[in-house]
Amino acid sequence: MQIQDGRSSETLDLAVKYLRQDLLIGLPTETVYGLAALASRPQAISKIFKVKARPTNHPLILHIADFQQLDKWAKNVQPFVAKICQQIWPGPLTVILQRSEKICDEITGARETVAIRVPNHGVALALLNKLDDGLVAPSANRFGKVSPTCAKHVVDDLGDDVALVLDGGFCAIGVESTILDCTRAYPQIVRSGAITRDELESIGNIKIENSDGESRASGMLEKHYAPKCRVVLAENSKDAESRLAALASDGRKVEIIDFFGDTIAYANQLYARLRQADETGTDVVIAVMPINTGLGEAVSDRLSKAAAASKS
Ligand code: TXA
Ligand code: MG
């Protein structure tokens, strides 16, 4: 059985064994499930790109066991970054830093920078603590598609390309981590997530610039996170109802996604809902946009990209 309980010590031992054989593992985190390989195994890392059909210029996030490991993998960590990471990790924040000699080119697409985070999930941390290594893991979906938020989603997407999926239940947050690029003159958020700009500015006592729009992370691509169905955005519940009436009139199967102001539940269930819409043959999803603050910003971002992708 490919999906196994990640809390069992035997399963974790099996995961370690597979990783050392350059096989890929489905890894639960608090954000989304990752497709993991050992950071020290370039051949396994190359497999991740192949399996995901991901361009090699979209580098991977390195997951480490704790803040103390950071200096092994990154150089010139500024005090404000150390303060932020120490306070937030384990948690849904990825920082981009200058890479150390330990990082191989396969992880970063030969860039001089590396993205690092400590995931806040018992299973991921237990596995990392069994390794004298880090785990590189992008979201465990094919490139450009919707991220997985439970073990079954990983197998649905990747089938036998993943040797073992550690079941860690449904992801608590449901959207990918916030990415803070700390390698520029001023730090920039290049992907929104559960950790907000206000939080980062107040912990680090810094000013965070608006991203300059350069496509530095796939999260920055205008089109991404795309289900098969078309995604149409609505401003509010009333707008969604009137769009439904118009769109359903010619026999298309249309459904509304509306969390009525509950942005935590929206983030938590968004990807599962989009996947379910595809499974049930929905043609069009009308998504009511959440307020554009806090976690709502991350949900709005993913919805806008899903809508942009499904237009073409
Ligand atoms: O929540 C998450 O971050 C999840 C879980 C599994 O940890 N991971 C995730 O990975 O979302 P992925 O590969 O889907 O997204 C990582 C993003 C990509 O957009 C990639 O381009 C960017 O991070 N990235 C990684 N290294 C980078 C670097 N050195 N410079 C700029 N962007 C980088
Ligand atoms: Mg991804």
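What to note about this one:
- Scan of the range 34-53 for residues that are within 14 Å of ligand 2 (Cβ to nearest atom) and either open to solvent by 30 Å² or more (accessible area, probe 1.4 Å) or not assigned by TED's automatic domain parsing to the domain that holds Lys152 (or both), ordered by number: Ala53
- The listed residue being more than 23 Å from Val146 (Cβ to Cβ), in a loop (DSSP other than H, G, I, E, B) and of a type in the set (Ser, Thr, Tyr), out of Ser46, Ser40: Ser40
- Scanning the range 13-32 for residues that are of a type in the set (Asp, Glu) and out of contact with any Gly (no Cβ under 9 Å at 6 or more places or on another chain) turns up Asp13, Asp22.
- Summed over the range 155-182, residues that are near ligand 1 (Cβ under 9 Å from one of its atoms) and surrounded by fewer than 21 Cβ atoms within 10 Å (Cβ to Cβ) total 0.
- Criterion (part of a loop (DSSP other than H, G, I, E, B) and either more than 12 Å from the chain's Cα centre (by Cα) or assigned by TED's automatic domain parsing to the domain that holds His63 (or both)) met by exactly one of Asp132, Asp160: Asp132
- For the range 54-67, the set of residues classified as outside any loop (DSSP other than H, G, I, E, B) and surrounded by fewer than 21 Cβ atoms within 10 Å (Cβ to Cβ) consists of Phe67 only.
- Residue satisfying condition, being more than 16 Å from ligand 2 (Cβ to nearest atom), modelled with pLDDT of 95 or more and of a type in the set (A, V, I, L, M), within set Ala140, Ala151: Ala151
- Test: residue in the range 68-89 that is open to solvent by 20 Å² or more (accessible area, probe 1.4 Å), more than 18 Å from Leu125 (Cβ to Cβ), modelled with pLDDT of 95 or more and within 19 Å of the chain's Cα centre (by Cα): no
The values are calculated or read from the model by the stated rules, or taken from the named source; none is laboratory data. Remember, predicted model here, so these are calculated numbers, not experimental data. Positions of Cβ are generated from backbone atoms using ideal geometry, with glycine treated the same way; all protein chains shown enter the neighbour counts. Note: accessible area is taken over every heavy atom of the protein model, side chains too, but ligands, DNA and RNA are not part of it. Shrake-Rupley method; radii C 1.70, N 1.55, O 1.52, S 1.80 Å.
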